[in-house]
1. Under a straight-distance cross-link criterion of Cα-Cα below 24 Å, which lysines are reachable from residue 111, leaving out those fewer than 8 residues away in the same chain?
2. Once amide H atoms are placed 1.01 Å from N in the peptide plane, what residues at a sequence separation of 5 or more from residue 145, or on another chain, have their amide H within under 5 Å of its amide H?
3. Determine, from the Cβ-Cβ distance of residue 77 and residue 146 and an R0 of 45 Å, the FRET efficiency 1/(1 + (r/R0)^6), rounded to the nearest 0.05.
4. Separation between the residue 124 and residue 48 pseudo-spin-labels, each 7 Å from Cα along Cα→Cβ, expressed in nm?
5. May I ask you to evaluate 6.51 cos²θ - 1.76 cosθ + 1.60, the Karplus curve with θ = phi - 60°, for each residue of the range 13-18 and list the ³J(HN,Hα) values in order in whole Hz, giving x for glycine and proline?
6. Provide the FRET efficiency to the nearest 0.05 for the residue 109-residue 160 pair, computing r from the beta carbons and using R0 = 22 Å.
7. For labels at residue 98 and residue 153 in the simple 7 Å Cα→Cβ model, what's the distance in nm?
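No value in this document is a laboratory result; all are computed from the given coordinates. Treat the numbers as computed from the prediction; the structure is a model and nothing was measured. Glycine also receives a Cβ, built like all others from the backbone with ideal geometry; neighbour counts cover every protein chain displayed.
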Amino acid sequence: PLPVLAVVGRPNVGKSTLVNRIIGRREAVVEDRPGVTRDRVSYEANWNGRRFKIVDTGGWEQDVLGIDASVAAQAEFAIEAADAVVFVVDATVGATDTDEAVVKLLRRAGKPVVLAANKVDGPSGEADAATLWNLGLGEPFPVSSLHGRGTGDLLDAIMEAL
Ligand code: GDP
Ligand code: MG
């Protein structure tokens with residue numbers, strides 16, 4: 001079976017955009033409003049000839065209302081089923097309380113984590129990305145999932161984690 005990579009993070013940080021970038025197609029649904037990916041969706045991808053499965057997830061919502069709780073549960077299942085996790089943070093916003101909560105969950109799961117500092121569309125965003133060292137997950141990889149900036153380095157790190 002192919003190694004499995006889960007893409008997690010709170011809503012609207014650009015998880016589905018990153019997944020589309022990695023699979024090279026626009027299959028994961030991208031939306032301006034949070035919480036559109038309601039479930040786990042799995043795709044096949046490859047990087048430098050190595051194949052793997054990539055699982056897009058809905059983001060975490062901290063309010064425990066109906067569907068949002070189940071979205072969080074799906075994300076937790078995705079982590080459990082994964083060999084490695086890409087944790088996506090919006091570098092233009094910085095680490096939020098929800099992000100900190102996700103970090104705790106990731107620590108508990110004990111899976112290898114690669115930290116993607118997304119929405120770094122240009123050099124001026126690099127400093128924002130660097131503040132994410134504070135999450136304690138190691139090096140934040142600055143990427144623009146929208147434009148492709150930095151995604152090669154991110155994928156190299158992912159392949160080492162998988
Ligand atoms: P998800 O909820 O985490 O799956 O986020 P989406 O992939 O649906 O993206 C949410 C919004 O962020 C959309 O409007 C995307 O176009 C935007 N977005 C995603 N990645 C980037 C990026 O690298 N740079 C910028 N500027 N916007 C992005
Ligand atoms: Mg999504």
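1. Residue 111 reaches 15, 53.
2. 119, 120
3. Efficiency computed from Cβ-Cβ geometry: 0.95.
4. Here the modelled spin labels are 3.4 nm apart.
5. 7, x, 4, 5, 5, 5
6. Values: r = 18 Å, r/R0 = 0.84.
After rounding, the FRET efficiency stands at 0.75.
7. Those two pseudo-labels are separated by 2.7 nm.
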